[in-house]
1. Identify all residues within the range 50-95 that are surrounded by 15 or more Cβ atoms within 10 Å (Cβ to Cβ) and under 23 Å from Arg169 (Cα atoms); write none if there are none.
2. Only residues in the range 248-262 that are under 14 Å from Arg287 (Cβ atoms) count as the first member; pair them with residues that are at pLDDT 95 or above and among the charged types (D, E, K, R), Cβ under 6 angstrom, at least 6 apart or cross-chain, and list the lot.
3. Filtering the range 31-45 down to residues that are assigned to a loop (DSSP other than H, G, I, E, B) and of a type outside the set (Val, Ile, Thr), which residue is farthest from Thr145 (Cα to Cα)?
4. Could you tell me which residue of the range 1-34 is nearest to Arg287 (Cα to Cα), considering only residues that are of a type outside the set (A, V, I, L, M) and more than 13 Å from the chain's Cα centre (by Cα)?
5. I need the full set of residues from the range 210-258 which are aliphatic (A, V, I, L, M) and assigned to a strand (DSSP E or B), in order please.
6. Could you tell me which of the residues Ala291, Ala277, Ala300, Ala236 is within 13 Å of ligand 1 (Cβ to nearest atom) and crowded, with 21+ Cβ neighbours inside 10 Å?
7. Could you please give the count of residues in the range 259-279 that are more than 16 Å from ligand 2 (Cβ to nearest atom) and either of a type in the set (Phe, Trp, Tyr) or part of a strand (DSSP E or B) (or both)?
8. Search the range 305-325 for residues being in a loop (DSSP other than H, G, I, E, B) and more than 6 Å from ligand 1 (Cβ to nearest atom), and hand back the single one that is surrounded by the fewest Cβ atoms within 10 Å (Cβ to Cβ).
Amino acid sequence: MTVAARQVNGALLVALLLAVATGILAEATGTGAGRVAVVAHGVAALAVVVLVPWKVRVARAALRYRKVPSRVLSYLLTVLTLATLATGVAHTTGLVRSAGGLLTMWLHVAGALALIPLAVWHVVARPAQLRRTDLSRRTLLRAATVTAAAGALYGSLFAVTELARLPGRRRRFTGSYETGSLRPAAMPGTIWLDDTVPDVDPQPWRLTVVDGTGRRELSLSELGRSELGAGTSWRALLDCTSGWYAEQDWAGVPVAALVTPSASARSVVVRSVTGYARRFPLRDLPRLLLATRVGGAPLARRHGYPLRLVAPGRRGFWWVKWVDRIELSDRPWWWQPPFPLS
Ligand SMILES: Nc1nc2c(c(=O)[nH]1)N[C@H]1C(S)=C(S)[C@@H](COP(=O)(O)O)O[C@H]1N2
Ligand SMILES: [Mo]
């Protein structure tokens, strides 16, 4: 089969874009709909694998004419792509769960993020000059063939994981592994990016609440009052985007008992003493809990002492730790970066 270099590169670019897009979706979702994104992510990534033999041929021919810096960037892009694929397969099968003290899933995301600027450079420096005729029925047929081959590869990987009873079988639909459920001491303490665990003194600490009734400050003992529903306990599952999850019994104050909506409010912002914050749609109010305890004991420092948010159905980065402020806002919930920036 003769396939032009520009078609191989075009196909690879589409597969990579789909892999990145579905990867982001898979990381954002915490509900059953996310399963679709996780499977699509696997198929898109394996389409890259399917295209490798063609790409090798194209690259061999082209690299001879490239200057050294450009060649180095190309090799770097190759290495990062292969490393990202390898960590993806390692996490999926569970064969390698961590390396150098870092979770494989974390390395996978880091590799993908490093790969993006290089892929952009590649597209800008060597644009695939697609022609109108490239969008023919023949191309569609080829795309369908590559997708089918990637799907078959995905099925094989799944079958091998099941038959060889690899750890990957025990993953949740998001791809995460169970770690320390109902044993808070065994649950990882996770930082999203560059936050640091603060040492919060419970005496001067106050929770500031800004809602439809105005602004007030509550001490830890005031939060323990029964009219706020203190002691309400929820069994809820925290699923971190770095590839682990844990279910715990969280106890504290339901946010709906604490925050009175105003007429104009569209979202509620939960903020940490560290500045880390997330904005939630108002309809989430009944589904949020501010926890002071987990597993029958006060929160450990790394888990958010004295107060942390519990947001069932949302991924871990929404579960703001060391909360000191909860505030209604007239802005819509999506008025924030889709993932925290710090
Ligand atoms: N203030 C603050 N809250 C945070 C984070 C953070 O870095 N800073 N990390 C989030 C992430 S990514 C996860 S997965 C959970 C982890 O909770 P844990 O450390 O109690 O397991 O906390 C979330 N809350
Ligand atoms: Mo996380």
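The values are calculated or read from the model by the stated rules, or taken from the named source; none is laboratory data. Given the structure is predicted, the values throughout are model-derived calculations rather than measurements. When we count neighbours, we look across all protein chains shown, and the Cβ atoms used for this are built from the backbone with ideal geometry, even at glycine.
1. Ala83, Thr84, Leu85, Ala86, Thr87, Gly88, Val89, Ala90, His91, Thr92, Thr93, Gly94
2. That search, which allows pairs on different chains as well, returns Val259/Asp211.
3. Applying the first criterion (assigned to a loop (DSSP other than H, G, I, E, B)) to the range 31-45 yields 31-33.
If we keep only those that are of a type outside the set (Val, Ile, Thr) too, we end up with 32-33.
Values: Gly32: 29, Ala33: 26 Å.
Out of the qualifying residues, it is Gly32.
4. Going residue by residue through the range 1-34, those that are of a type outside the set (A, V, I, L, M) are 2, 6-7, 9-10, 22-23, 27, 29-32, 34.
Now narrow it down to the ones that are more than 13 Å from the chain's Cα centre (by Cα): 2, 6-7, 9-10, 32.
On the way: Thr2: 56, Arg6: 50, Gln7: 49, Asn9: 46, Gly10: 44, Gly32: 17 Å.
The residue in question is Gly32.
5. So the first thing to find is which residues in the range 210-258 are aliphatic (A, V, I, L, M), and the list is 210, 218, 220, 223, 228, 230, 236-238, 246, 251, 253, 255-258.
Correct list: Val210, Leu218, Ala236, Leu237, Leu238, Ala246, Ala251, Val253.
6. Working: Ala277 fails: crowded, with 21+ Cβ neighbours inside 10 Å; Ala300 fails: crowded, with 21+ Cβ neighbours inside 10 Å; Ala236 fails: crowded, with 21+ Cβ neighbours inside 10 Å.
Among Ala291, Ala277, Ala300, Ala236, only Ala291 is within 13 Å of ligand 1 (Cβ to nearest atom) and crowded, with 21+ Cβ neighbours inside 10 Å.
7. First, the residues of the range 259-279 that are more than 16 Å from ligand 2 (Cβ to nearest atom): 259-269, 271, 273, 275, 279.
Next cut, either of a type in the set (Phe, Trp, Tyr) or part of a strand (DSSP E or B) (or both) only: 267-269, 271, 279.
Number of matching residues: 5.
8. First pass over the range 305-325, keeping only residues in a loop (DSSP other than H, G, I, E, B): 305-307, 311-315, 319-322.
Cutting the leftovers down to more than 6 Å from ligand 1 (Cβ to nearest atom) gives us 305-307, 311-315.
Working: Tyr305: 22, Pro306: 22, Leu307: 27, Ala311: 23, Pro312: 19, Gly313: 14, Arg314: 22, Arg315: 21.
Across the range 305-325, the extreme among qualifying residues is Gly313.
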